[in-house]
1. Can you run phi through the Karplus equation (6.51, -1.76, 1.60; θ = phi - 60°) for region 313-323 and list ³J(HN,Hα) in whole Hz, with x for Gly and Pro?
2. Suppose accessible area is computed on protein heavy atoms with a 1.4 Å probe; arrange Y141, Y295 from highest to lowest.
3. Using θ = phi - 60° and the Karplus form 6.51 cos²θ - 1.76 cosθ + 1.60, what ³J(HN,Hα) does each residue of region 40-51 get, whole Hz, x for Gly and Pro?
4. Between region 191-257 and region 123-166, what is the C-alpha centre distance in whole Å?
5. What stretch of the chain, leaving out the sites themselves, is the longest with no trypsin sites (Lys or Arg not before Pro) in a DSSP loop having at most 10 other Cβ atoms within 10 Å?
6. Mind sorting out which of (1) 18.6; (2) 22.0; (3) 26.1 is the real mean projected area of the Cα convex hull in nm² computed from the coordinates?
7. Mind checking region 38-91 for chymotrypsin sites (Phe, Trp or Tyr not before Pro) that DSSP puts in a loop (not H, G, I, E or B) and that have at most 12 other Cβ atoms within 10 Å?
8. What residues qualify as long-range amide H neighbours of G238, i.e. H under 5 Å apart, gap of 5 or more or another chain, H built at 1.01 Å from N?
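The values are calculated or read from the model by the stated rules, or taken from the named source; none is laboratory data. A quick note: this is a predicted structure, and the numbers were derived from the prediction, not measured. In this analysis, Cβ positions are derived from the backbone assuming ideal geometry, glycine residues included, and neighbour counts consider all displayed protein chains. When the accessible area is computed, the model is the full protein with side chains, heavy atoms only, and any ligands, DNA or RNA have been set aside. Shrake-Rupley method; radii C 1.70, N 1.55, O 1.52, S 1.80 Å.
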Amino acid sequence: MVCLVQVPLSLCSPSCPFGFRKSAREGEPICCFQCVPCPQGEFSNQTDSTECFSCSWDHWPNKKQDNCIEKATEFLSYQDVLGATLAAVSIFLSLMTSAILGLFIIYRNTPVVKANNRSLSYLLLLSLILCFLCSLAFIGYPTKEKCLLHQAAFGINFAFCVSCILGKTIMVVIAFNATKPNSDIKRWAGPQLSFRIVSLSTLLQILLCMFWLIFSPPFSQYNTHAQLGKIIIECNEGSPIAFWCMLGYLGILSTISFIVAFLARKLPDSFNEAKLITFSMLTFLSIWISFIPAYLSTHGKYMAAMEVFAILASSSALITCIFVPKCYIILLRSEMNTKQHLMGRGPNQRKKL
C-alpha cells in the first residue's frame, strides 16, 4: 500500500486527537496506524502524539485525558456529613457522661453510689469522658501534632478506663471474700489496692506509648496509591507493631476483666455489679474484635471513621451496661436505693424467700 501524504494527514489513517496516541499496525506502512486511548492515569495534549505522559504526583488527567487537573484530597473532615455526625455524637456522649458523673457526685452518700468502690466509679466516668473526647482527634486535617498524639491518647485513655473496671471487679471479689469468718484477705480490702491496680496497668500502657513515640512516631502523609485520582491525607502509624501491641495490651486487660467478672457473676445480690461488668466487657470485646477486620479492609477517611465508631460504640457499651441501671435506681426507683435492698433484705427479696 502506498502512502499519499498531503500536509500532515495520511490517506491511510486519520489524525489522532488529544487523549490518544498513535499505534502502528503490524505489517503495514508506518503512515498507517490506529489511535489508542491513553491508559488510565496518563494524558496527551498533542495531535498524532506517539506517546502518553504521566501527570505530576498531585495531578490527575481529566475525563478527556487531554490535560492534568489537581487531585482531590480526602480526609475525615468536620465539613463532611460523616465527620460532623461522629463529632456531634462524641460531644453528646461526653456531655451525657459528665451529667452521670455529676449525678453520682450529688448522690454520693446513697447506697447505690457507695457500693462497689465509689472512687473508682468517679475515675471510670472521668476516663470515659476522655475516651469520648479523644475521638475528636481523629476528625479534621491530620496534622503532624494530631498524628503524633491521637493514637497514644486513645491507648492511654482506654487503658485507664479498662484498668478502673479491672480494679472494680477485683475489689468485688475481695470485698465478698473479706466478709467470710477468719478471712486473711481483709487487709487487701482497702482502696489502696484498687488504685495500685489502676496505676500499674495504666503505667504499662504509658511506657509502651512513650517507646512508640520516641523510636517510631506516627506522622502525616499523602497517600497517592490507595485510590486513583485522590490524595488521601492520613496518619501513618510509624510502627505497625507498636500500634498492634497497644491494641493487644488493651485486649489483655479487657480479657482479664471479663474473666474475673464472669467468675464473680454469681456472688450474692449485694455484689451483683460483677454481672453488669461481665456483660459490658463481653460487648466491649465483641466491638473491638469486629473492628480489626473492618479497619484493615478500609482506606482513607473511612479507616479513621471506623476507629472513631469503635471508640464511641465500646465506650457507650460501658456506660449503658454499668451506669445506666444505677441511674435508673437513683432517679426513678429511690425505694431500691437502700442498704437493705442492696443486701437482699428488701420487701421483694423477703417475698421470694
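1. Couplings: 5, 5, 5, 5, 4, 5, 4, 5, 6, 8, 9 Hz.
2. Output order, biggest surface exposure first: Y141, Y295.
3. Those phi angles translate into 4, x, 10, 8, 9, 10, 9, 6, 6, 5, 8, 8 Hz.
4. For region 191-257 versus region 123-166, the Cα centre distance is 10 Å.
5. Numbers: sites that count: K63, K266.
With trypsin sites (Lys or Arg not before Pro) excluded where exposed in loops, the chain gives 64-265 as its longest stretch.
6. So the calculated entry is the one marked (3).
7. Values: sites: F43, F53, W57, F75, Y78; in loops: W57, F75, Y78.
Of the chymotrypsin sites (Phe, Trp or Tyr not before Pro), the ones in loops of region 38-91 whose Cβ has at most 12 other Cβ atoms within 10 Å are W57.
8. F219
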